[in-house]
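Engineer: Following this message is one structure expressed as structure tokens.
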């Protein structure tokens with residue numbers, strides 16, 4: 001009986017994070033697909049109002065991504081790691097393999113807006129070491 005109660009409590013605590021993570025995968029994945037197609041107009045729609053205000057135009061935003069986050073602009077592979085609540089939003093970590101086989105770990109800050117979840121920032125983290 002204790003195991004059932006523990007499992008139910010654990011599921012109740014984890015379900016919101018799992019549900020949010022599915023939503024984050026949809027937003028991040030759609031933005032990455034837009035980047036792959038060089039469709040910066042669409043990619044810009046997944047950015048939060050704050051990010052949109054900072055870059056003002058999809059062209060400025062695209063230029064920043066191409067120069068500062070080439071691994072996101074042209075990823076070979078994307079793996080979604082954990083999501084956790086952070087302040088007023090959420091933090092979704094991903095592992096990206098770039099076209100040259102290098103690993104990059106990034107943290108996406110996700111915020112909920114009236115239009116749905118948006119990306120409010122991306123932070124490049126230390127990538128995990130790969131053994132020989």
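The values are calculated or read from the model by the stated rules, or taken from the named source; none is laboratory data. Bear in mind the structure is a predicted one, so any value in this text is a computation, not a measurement. Heads up, the Cβs are rebuilt from the backbone with ideal geometry, glycines too, and the neighbour counts pull from every protein chain shown.
Engineer: Say whether the condition of being out of contact with any helix residue (DSSP H, G or I) (no Cβ under 7 Å at 6 or more places or on another chain), surrounded by fewer than 19 Cβ atoms within 10 Å (Cβ to Cβ), assigned to a helix (DSSP H, G or I) and at pLDDT 95 or above is met by at least one residue in the range 77-95.
Structural biologist: Scanning the range 77-95, I find no residue that is out of contact with any helix residue (DSSP H, G or I) (no Cβ under 7 Å at 6 or more places or on another chain), surrounded by fewer than 19 Cβ atoms within 10 Å (Cβ to Cβ), assigned to a helix (DSSP H, G or I) and at pLDDT 95 or above, so the answer is no.
Engineer: Can you name the condition, by its number, that residue 127 falls short on among (1) outside any strand (DSSP E or B); (2) touching a strand residue (DSSP E or B) at 6+ places or on another chain (Cβ under 6 Å); (3) at pLDDT 95 or above?
Structural biologist: (3)
Engineer: Give the residues of the range 96-120 that are within 19 Å of residue 49 (Cβ to Cβ) and not in a strand (DSSP E or B), sorted by residue number.
Structural biologist: 114, 115
Engineer: Return the total of residues in the range 50-77 being closer than 14 Å to residue 119 by Cβ, touching a residue at least 24 places away in the same chain (Cβ under 8 Å) and touching a strand residue (DSSP E or B) at 6+ places or on another chain (Cβ under 7 Å).
Structural biologist: Qualifying residue count for the region: 4.
Engineer: With the requirement that a residue be surrounded by 13 or more Cβ atoms within 10 Å (Cβ to Cβ), touching a helix residue (DSSP H, G or I) at 6+ places or on another chain (Cβ under 7 Å) and in a helix (DSSP H, G or I), what does the range 42-60 give you?
Structural biologist: 42, 43, 44, 52, 55, 58
Engineer: Is it fair to say residue 91 is under 14 Å from residue 111 (Cα atoms) and in contact with a strand residue (DSSP E or B) (Cβ under 6 Å, 6 or more places away or on another chain)?
Structural biologist: Against the criterion (under 14 Å from residue 111 (Cα atoms) and in contact with a strand residue (DSSP E or B) (Cβ under 6 Å, 6 or more places away or on another chain)), residue 91 qualifies.
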